[in-house]
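These notes are about the structure you will find just below.
The values are calculated or read from the model by the stated rules, or taken from the named source; none is laboratory data. Note that the coordinates shown come from a computational prediction; the quantities given were computed from them, not determined experimentally. Cβ sites come from the backbone with ideal geometry, for glycine too, and all protein chains shown count toward neighbours.
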Amino acid sequence: MIESVPPEILEQVFKHLDPVSRKSVRLVNRKWADILWTDVYLRSQALIVNPATLTDDWVLQQMKRPFHEIHITTDDVIPVENWKTIYYERVKDLITSAVVVENVRVIKLDANLVVLNYLFRNKHVVSYKKLEEFTFLTSTSAGNPVSERVNINVRFPNLKVLKLDYLSSGNLRLIRIFSRQLIKLVVRVGYIQRLLAILAITSFDNLTELAIGTVPHSHSGFEILAPDDINAQHLAVLRRLHRLEINDASNMFVFVYHVLFEEMRNLRHLKVTGTDMLPNVWEAVNQLENLQFLQILARSRNQTHIHRIRINLPNLETLHLAPQSMACAGQLPKLRTLGVIIHSKEGARWGRFSGPAALQTFTRLRTLQKLHVRGIFFSNQNLYPFMHFRRSCKMLLEDKEDYLIGTINVPRSVDIASLRCNYRDEIDGLTIKRPAVAPSAGLENQDVSLYGALQSRSCTAWIVRQLMRQMATLVCDYKAFRRAMQRDNLYTLKKHGCTCYRCNRFLLRDV
């Protein structure tokens, strides 16, 4: 049965599989592996380049395919004589090959500035015309020399997203090079002066999305922004933003939140995750009339005052709050999703924050469709607000480890995962894929089947059964289509845009 399925049917089935399932399906037989190794499927996969995968020149040639996303790591290089030099030469050969230059859209590089300059410094300028996102992660093992400067001669004419996991003097130069074309900037900072240096760049012509994370260190207590540190030049950059995300792990922004939000009237998406905040933040947030998404996961320094504040946002659709900063519901005519989130690993009792009283004010909202509560220690006293929500509101209660406590107004047919709020307490996108096998395992044990249609292995029966179920409908539709074409005396697919022999031979078989 498997061998008799036409390639056209297999292609339609494989399009509906996720990349992880395709990797397992590739092991069924050689025919399926050949189909999944075509360019149309490679574009949806991420190529992982690592000393454990880029082992020789043969694998290098197999990697030169039209991948849209490439992840490159240079740490944990196998300690063999001259191996680092050989590995870096192969990586440079890969990223400068014509097929990669013409097709790649996302590059994620985990290295230091020395490696960055080596990989992107060529005799002639290389232009990555389709590259839209570049992520540069500082390798913790190799270190990042402070004295090193960015010295590259590549062009990214369509670059829109730049992500840096730590802002050094060299990385700041990288921002200035591509500042005019950036739409989104993601960066982690540890010092005030470097953060202000970003906001002082006047060439952010198209920047509308900014994500800032702070890095705690031994001197974090001295790196706290004051309202006087923000000048008109900094505010000019912030006023253009439509999306802002702040992950303040070192408490750098605690005294300037209200100063920033009062000037950012164009914000539609706002995420704040931190340790402390002042109650006057809500006064500034209530002025953001265009806000559609709001997440504030931080502790208010005035617990008695925070519950007297009412949230009035006419266009807000999604709201994520921490119990420590939970204000009352005011005018929220479009609110559909509410999340009460403890984002730390330590749960909390609502009695400390008077959370049930604030939650009670949300029960009168007719538009509320979903409520997700995570990390709260529930008791008979703090469960009473949930009984007053409308039946149209589906409620999901979980503990701090995301284990289900209970659901309310949720039919059995509804997937519980769809009720979870998509909150994040980390800066998005600053991760890189690595191979599942460590480099120390030896080159002879590495699985390079991801990069080539190698000899087939055994496959579990459930994979075959799963695919056969998906094929059944397509096979029936294909046979019905062929019979209809033959009844109308149409022996070719010329009118439908395909005249190749592979597509027409099934129609002509029974004629």
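Candidates in segment 298-316 are the residues that are modelled with pLDDT of 90 or more and not in a loop (DSSP other than H, G, I, E, B); of these, the one that is farthest from His234 (Cα to Cα) is Arg310. Restricted to segment 353-411, the set of strands (runs of 3 or more DSSP E) holding at least 1 residues that are touching a Cys at 6+ places or on another chain (Cβ under 8 Å) and touching a residue at least 40 places away in the same chain (Cβ under 8 Å) comprises 370-374. Run Leu297 past the list (1) of a type in the set (A, V, I, L, M, F, W, C); (2) touching an Asp or Glu at 6+ places or on another chain (Cβ under 9 Å); (3) within 21 Å of Ile192 (Cβ to Cβ) and report the number of the one that doesn't hold. Result: Leu297 fails condition (3) only. The residues of segment 280-337 that are over 18 Å from Leu359 (Cβ atoms), among the polar types (S, T, N, Q) and over 26 Å from the mean Cα position of the chain (by Cα), listed by number, are Asn280, Asn286, Gln287, Asn302.
Residue-by-condition table, conditions (1) more than 29 Å from Thr55 (Cβ to Cβ); (2) out of contact with any Leu (no Cβ under 9 Å at 6 or more places or on another chain); (3) not in a loop (DSSP other than H, G, I, E, B):
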{"residue": "Arg90", "(1), (2), (3)": "no, no, yes"}
{"residue": "Ile107", "(1), (2), (3)": "no, no, yes"}
{"residue": "Tyr118", "(1), (2), (3)": "no, yes, yes"}
{"residue": "Arg121", "(1), (2), (3)": "no, yes, no"}
{"residue": "Asn158", "(1), (2), (3)": "yes, no, no"}
{"residue": "Tyr166", "(1), (2), (3)": "yes, no, no"}
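Taking the criterion of being within 14 Å of Ile224 (Cβ to Cβ) and polar (S, T, N, Q), the residues of segment 243-268 that qualify are Ser250, Asn251.
Please tell me if Ser250 is touching a helix residue (DSSP H, G or I) at 6+ places or on another chain (Cβ under 8 Å) and at pLDDT below 90. Walk me through it before giving the result.
Details: touching a helix residue (DSSP H, G or I) at 6+ places or on another chain (Cβ under 8 Å): yes; at pLDDT below 90: yes.
Here the answer is yes, as Ser250 does meet what is asked.
Confirm whether Thr73 is assigned by TED's automatic domain parsing to the domain that holds Val49, of a type outside the set (Lys, Arg), at pLDDT below 90 and under 22 Å from Val161 (Cα atoms).
Answer is yes for this residue.
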